[in-house]
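Working notes, structure below.
The values are calculated or read from the model by the stated rules, or taken from the named source; none is laboratory data. Worth saying up front: this structure is predicted, and the values here are computed from it rather than measured. In this analysis, Cβ positions are derived from the backbone assuming ideal geometry, glycine residues included, and neighbour counts consider all displayed protein chains. Heavy atoms of the whole protein, side chains included, go into the accessibility calculation; ligands, DNA and RNA do not. Shrake-Rupley method; radii C 1.70, N 1.55, O 1.52, S 1.80 Å.
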Amino acid sequence: MKLFKQIFATFYRIWFYLIIALATILLFPFLIISILKHSWYPFFFKVARTWSAFIIFGIGCYPIIKRDVQYKKGESYMFVANHTSMADIMLMFYSTKNPFVFVGKKELAKIPLFGSIYKRTCILVDRGNTKSRVEAFRRAEIRLNEGLSVCIFPEGGVPDDLSILLDEFKDGAFRLSIEHQIPIAPMTFHDNKKRFPYSFFIGSPGKMRVKVHKLIPTAGLTLEKRKELKKETRTVILNELLHPTV
C-alpha cells in the first residue's frame, strides 16, 4: 500500500507541474500584457486568480473557505498564513480579491514559464542575505504606498521537518504592518501539507480548507509592539490548526 501511494504521489506531482505549465501557456498572452506596465498590476492580479483557480481545480482539489471577515475593496492589508506547500501561492490568490504582492523566495524564479512571471511580479528575497532582505523590505514599502496589499508567509519558508505544525514567525510582516498602520489579515491553510507538500512522495487531490480570520489591527502600535503582534498572530493560526473550525 505504501508503495502504491508513493507511485500515485509521483504521478500526481508530475500532473501538478503539467497543469501549471498548461495554465501558464493558455494565459501567457494575458500574463505578458498585464506585466508590461507597473500600474497594470491589478489586472495581472485578476489573471493570476484565474491561473490559480485553473490549477487548484485541475489537480482535483476544491477550496472550502470560512470567513470571519470580508475584506474591503481598496483597503491595504498584510496577508499572512502558515506555509507548507507550493500550492499555498495558488490558494492565497484564490482566497481574496484584494490585489496583493507576494514577498517570496527567489528560488521559485527558476521554474520554467512560471518563474519568468514570478520574478516580474513578486518581491524576491534571499533570506540568507541581509542586503536582499533590506531591499525586499524597501520594495514592499513602495507597493504599500501605491495602495496595494502585501502577502508574506511569516515562517520564512517551509520547515524541512514535516512534523512541525507551525514554525516560529519572523518579524518582517509585523514590522511593515506597524510602520504602515495596516491590519494583519491572517489565514489558516489546513490541508495543503496533504495535497502537495515539499516531500516528493506525498500528495493527493481533495479539499483545501481555508479559515479567514478576523483582522488584527495595528492602528496606534509602535515597533516596540511587533513581537506581541507576531505572537498574537501566530497564536490565532496555531489554535485554528489545533482546533479546526472549517
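A few notes on this one:
- For PHE100, residues with placed amide H under 5 Å, excluding near neighbours: SER149
- Put simply, the amide H of MET208, placed in the peptide plane, has neighbours under 5 Å in TYR62, ILE64, leaving out anything fewer than 5 places away on its chain.
- Of (1) 48, 45, 33; (2) 51, 42, 35; (3) 55, 44, 36, the label for Cα extents along the principal axes in Å derived from the coordinates: (3)
- Whole-Hz Karplus values for segment 157-166 come out as x, 8, x, 5, 7, 5, 7, 6, 6, 8 Hz, taken residue by residue from phi with 6.51 cos²θ - 1.76 cosθ + 1.60 and θ = phi - 60°; glycine and proline positions read x.
- Per-residue packing, averaged as other Cβ atoms within 10 Å, sorts the ranges 209-219, 180-190 into the order 180-190, 209-219, beginning with the highest.
- Segment 167-242 - percent of accessible surface contributed by carbon and sulfur, probe 1.4 Å: 56
- Karplus-derived HN-Hα couplings along segment 92-102 (A = 6.51, B = -1.76, C = 1.60, θ = phi - 60°), whole Hz, x at Gly and Pro: 5, 4, 5, 7, 8, 9, 6, x, 9, 10, 6
- The lysines within cross-link reach of LYS105, meaning a Cα-to-Cα straight distance under 25 Å and a gap of 8 or more places when in the same chain, are LYS37, LYS46, LYS97, LYS119, LYS131, LYS170, LYS193, LYS194, LYS211, LYS227, LYS230, LYS231.
- Taking label points 7 Å from Cα along the Cα-to-Cβ direction, LEU238 and LEU22 give a separation of 4.1 nm.
- C-alpha center-to-center spacing [segment 1-76, segment 164-213] in angstrom: 16
- DSSP bridge pairs, the chain: antiparallel proportion in percent, nearest 5: 20
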